[in-house]
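A.B. asks: Here it is: the structure, laid out below.
The values are calculated or read from the model by the stated rules, or taken from the named source; none is laboratory data. The structure displayed is predicted, hence computed values, not measured ones. Glycine also receives a Cβ, built like all others from the backbone with ideal geometry; neighbour counts cover every protein chain displayed. Side chains are part of the model used for accessible areas, which takes the heavy atoms of the whole protein and leaves out ligands, DNA and RNA. Shrake-Rupley method; radii C 1.70, N 1.55, O 1.52, S 1.80 Å.
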Amino acid sequence: MAMRQTPLTCSGHTRPVVDLAFSGITPYGYFLISACKDGKPMLRQGDTGDWIGTFLGHKGAVWGATLNKEATKAATAAADFTAKVWDAVSGDEILSLAHKHIVKSVNFTQDSNCLLTGGNDKVLRIYDLSKPEAEPQEIAGHTSAIKKALWCNNDQQILSASEDKTIRLWDRNTKEAVKTLSFEASVSSMEYIADGEILVITYGRTIAFYNAHSLDLIKTVDAPASIHSASLHPDKDFFVAGGDDFKLYKYDYSTKEEMESYKGHFGPVHCVRFSPDGELYASGSEDGTLRLWQTAVGKTYGLWKCVLPEELSSENSDALYCPPPEIKA
C-alpha cells in the first residue's frame, strides 16, 4: 500500500525563501529559521512549523540565516550590507555588523562566541561577539562572491564555497587555505555534517559527498534536474535534494538509488535540510513557502497523525488515512 506524503505548508513569507536552518535539540524542542527575499526572517517550532516570531530590522533581502545549537541566538545575512545577531528568545536585535557589500552567509561557532560571515566582497570575516567593537579577523583569497561559509573540524577550520567555482578549506589560526576543490560549475549549496566529517555539496545536477578533513571525494549522484540544495540524514542512510523542477528527491546513501520523489512546491526548491532528530526535512522555495516533509511517511509525529486502515470504516479500508494535503502551519 503506497502512503501519500503530506507536507505541512508554512506560509507567511511574501517572497522566495532562499535559506533555512535548524537549531539543535533543546529542552523546548528544536527550532527552524528561514531567510527570505522579503527581508523578514522567521522563527518557527521545528517539528510543527508553527510561527513563533519574525526578526524585524533588515532593509533588504535576507540571503542567509542560522541558529546556534541552543536556539538562544540567531544570525542573518542580508542585502543591506549587514549581518545581524538576534536574541532568538525575545526577538531583539543584539548586534548589527556592517559589511562592504551584500552578505550571503552566517555561521556560529559551537560555543556561540564567534560569528563567521561571507558575501559578495569575497572576504571571510570572524567576529568575536563578546567584543563587538573590535575589528573582525579577515580571510581573503576567493576571486568571486562567497555563497556559503561554515565552521568545521571543531571550529579550527573554515569551509567556504564561492562563485569562483571553488570550495576552500582554511586554517582559522594561520588564515591560509589548506586545500582547494575546483568545479566545472558554481557550487549551489554546502552542508557540513560534524558527525563523520562529511561535506555535502551541490553543483549543476550533481550531489557530491566529500571527507571534510581531506576533501577527498566519497561519492557523487546525478539528479534528473539542476539541484540547488541537498541534505544528508543524521543516520547517513539517505539524503534529500531539491532544485529547478519543483520536486524533492530522496536517495539511498549507500546504493545511490532514488527512493522517492515528491512535488509540493509551485516553484524551484532553493534549500532543504533535515531536522536534528531526522524525523522530517524542511524545504524552502521560490513560491514563498516552507514545507515540512516526513522522513517515515505514516508515522505519528508533530502534527502528523496517521490512522491505520483497520481503524477506518470498511468501505475506506483499502486506503490509508492521512491529513488533508494542505495543512497550514
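A.B. asks: How much solvent-accessible surface does residue 143 expose, in Å² to the nearest 10, with a 1.4 Å probe and all protein chains in place?
C.D. replies: The value for residue 143 is about 100 Å².
A.B. asks: What is the percent of Cα-Cα separations in the range 178-220 that go past 15 Å?
C.D. replies: So the pairs more than 15 Å apart make up 37 percent of the total in the range 178-220.
A.B. asks: Mind jotting down the distance between the C-alpha centroids of the range 165-220 and the range 229-291, whole Å?
C.D. replies: 19
A.B. asks: Same structure, new question: For residue 180 and residue 218 in the same chain, what is the full-extension length gain: residue separation times 0.36 nm, less their Cα-Cα distance, in nm?
C.D. replies: Gain on stretching residue 180 to residue 218: 12.1 nm.
A.B. asks: Right, something else. When the convex hull of the Cα atoms of the range 176-299 is projected onto a plane and the area is averaged over all directions, what value comes out in nm²?
C.D. replies: Computed as one quarter of the Cα hull surface, the answer is 8.0 nm².
A.B. asks: So how much slack lies between residue 165 and residue 252, counting 0.36 nm per residue of separation and subtracting their Cα-Cα distance, in nm?
C.D. replies: Full-extension gain reported as 28.6 nm.
A.B. asks: Restricted to Cα positions, what overall size does the range 1-153 have along the principal axes? Three whole-Å values, descending.
C.D. replies: 56, 32, 32
A.B. asks: A further question on this structure: How big is the dipole moment of the chain about its Cα centre under a simple scheme where the beta carbon of each Lys and Arg is +1, that of each Asp and Glu is -1, and everything else is neutral? Debye, nearest 20, please.
C.D. replies: 760
A.B. asks: Using only the Cα atoms of the range 225-277, what are the Rg and Dmax in Å?
C.D. replies: Every Cα atom of the range 225-277 included, Rg and Dmax give 10.7, 30 Å.
A.B. asks: To the nearest µm²/s, what D does Stokes-Einstein give for the range 43-132 at 4 °C and 1.567 mPa s, using the Kirkwood radius over alpha carbon pairs as Rh?
C.D. replies: 99
A.B. asks: Can I get the semi-axes of the chain's equivalent ellipsoid? Compute them from the C-alpha gyration tensor as square roots of 5 times the eigenvalues, in angstrom, largest first.
C.D. replies: That gives 33, 23, 17 Å for the three semi-axes.
A.B. asks: Test of the criteria: in the range 200-307, which chymotrypsin sites (Phe, Trp or Tyr not before Pro) are in a DSSP loop and have at most 12 other Cβ atoms within 10 angstrom of their Cβ?
C.D. replies: 266
A.B. asks: Any idea what % of Cα-Cα pairs in the range 77-123 are farther than 16 Å?
C.D. replies: 39
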